[in-house]
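Engineer: This is the structure I have questions about; it appears just below.
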Amino acid sequence: MAITLRQLEVFAEVLKSGSTTQASQVLSLSQSAVSAALTDLEQQLKVKLFDRVGKRLVLNEHGRLLYPRAVALLEQAGEIGTLFSQGNGALRLFASSTIGNYILPALIAGYRRAVPDTPLSLQVGNSQEVINAVADFRVDLGLIEGPSHHPDLVTRAWLNDELVIFAAPDHPLAGRKLELAALADAPWILRERGSGTRDIVDHLLLSRLPHFHLEMELGNSEAIKHAVRHGLGISCLSRRVVAEALALGTLVTLTPPLPPFYRTLHVVHHRQKHLSHALQRFIDYCQHHAG
């Protein structure tokens, strides 16, 4: 058997592009060369990797089995290709919003000072978007605000994070000894469903209230802070998110008759992901330098 990296590259690109025509454009090959490479690969493996449905190629169970291994081999080949040049091991990161906006900037700055030649790219979204991107091999590493139960992902506990309930300083609940009924009756402004913060707030806090009044869902923590500051309701976010506003006195914490709320932030990667030296080095840096 003489499977080539080019054949694996063609297979992976056909899967991503959805057709040999699109793949040929991305790879700067003729469509016939792409089709031939895919046919040769299938002949060597003695299986079909795609089901032909009209003019469409639909990945089948054999292709699904091969894909993560093909991606791992291509990434290792790329790592070898840049082994003796600067900037080896470019890292694609995807973080949920609290981590991406309030934790990673300082971490990445420190990492770049320690390892200046490793390029990084960072996307920010909600936890479900991060999980989907890691599962699809679109990024190398995900950092999320709750555990992942996706069967194809490895999830590592990372940081403890405190959640606080907060309001504007002139809110009727500010400075009061609170009962759960008062929290239940207050208008709440929460993150959207799919957010790690929302999942934890639903589980740890709202499940303990007799009912709650959802005033608004927003997909951005900054928007929530501004809405709360202008008296539209109360909310619950990471203390890291509201720390500056609390210090300035533009927001205040509310203390319910409940124990403090903590969650664990996690690092996730695909179970079949090749952990390059650069990726493992970044994971180790996060584990040892985040506080």
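The values are calculated or read from the model by the stated rules, or taken from the named source; none is laboratory data. As the structure is a computational prediction, the values presented were derived from the model and not from experiment. Backbone-built Cβ (ideal geometry, glycine too); neighbour counts: all protein chains shown. Just so you know, the surface numbers come from the protein's heavy atoms only, side chains and all, with ligands and any DNA or RNA stripped out. Shrake-Rupley method; radii C 1.70, N 1.55, O 1.52, S 1.80 Å.
Engineer: Only residues that are within 18 Å of ASP161 (Cα to Cα) and open to solvent by 40 Å² or more (accessible area, probe 1.4 Å): list them for the range 259-271, please.
Structural biologist: Selection gives PRO259, PRO260, TYR262, THR264.
Engineer: Also, quick follow-up: Please give the helices (runs of 4 or more DSSP H) falling wholly within the range 99-208 in which 2 or more residues are more than 19 Å from ARG263 (Cβ to Cβ).
Structural biologist: Correct list: 104-114, 127-135, 180-185.
Engineer: Which one of these is within 26 Å of ARG271 (Cα to Cα), out of contact with any Phe, Trp or Tyr (no Cβ under 8 Å at 6 or more places or on another chain), open to solvent by 50 Å² or more (accessible area, probe 1.4 Å) and at pLDDT below 90: LYS55, LYS16, LYS48?
Structural biologist: Of LYS55, LYS16, LYS48, the one residue that is within 26 Å of ARG271 (Cα to Cα), out of contact with any Phe, Trp or Tyr (no Cβ under 8 Å at 6 or more places or on another chain), open to solvent by 50 Å² or more (accessible area, probe 1.4 Å) and at pLDDT below 90 is LYS16.
Engineer: Please state which of the following conditions TYR111 fails to meet, knowing it meets all the rest: (1) open to solvent by 10 Å² or more (accessible area, probe 1.4 Å); (2) of a type outside the set (A, V, I, L, M); (3) at pLDDT 90 or above.
Structural biologist: (1) is the only condition that TYR111 fails.
Engineer: In the range 193-221, what residues are in contact with a Gly (Cβ under 6 Å, 6 or more places away or on another chain), open to solvent by 40 Å² or more (accessible area, probe 1.4 Å) and within 19 Å of GLY146 (Cβ to Cβ)?
Structural biologist: Matches in the range 193-221: ASP199 only.
Engineer: Here's another thing I want to ask about it. Kindly indicate whether any position in the range 241-261 is among the polar types (S, T, N, Q), closer than 30 Å to TYR111 by Cα and assigned to a loop (DSSP other than H, G, I, E, B).
Structural biologist: No, that holds for no residue.
Engineer: Take the residues in the range 19-45 that are outside any helix (DSSP H, G or I) and loosely packed, with under 14 Cβ neighbours inside 10 Å, then tell me which one is farthest from the chain's Cα centre (by Cα).
Structural biologist: SER30
Per-residue answers, yes or no, for (1) touching a Leu at 6+ places or on another chain (Cβ under 7 Å); (2) closer than 26 Å to HIS288 by Cβ; (3) charged (D, E, K, R):
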residue	(1), (2), (3)
GLU129	no, no, yes
ALA133	no, yes, no
LEU183	yes, no, no
GLY196	no, yes, no
ARG208	yes, no, yes
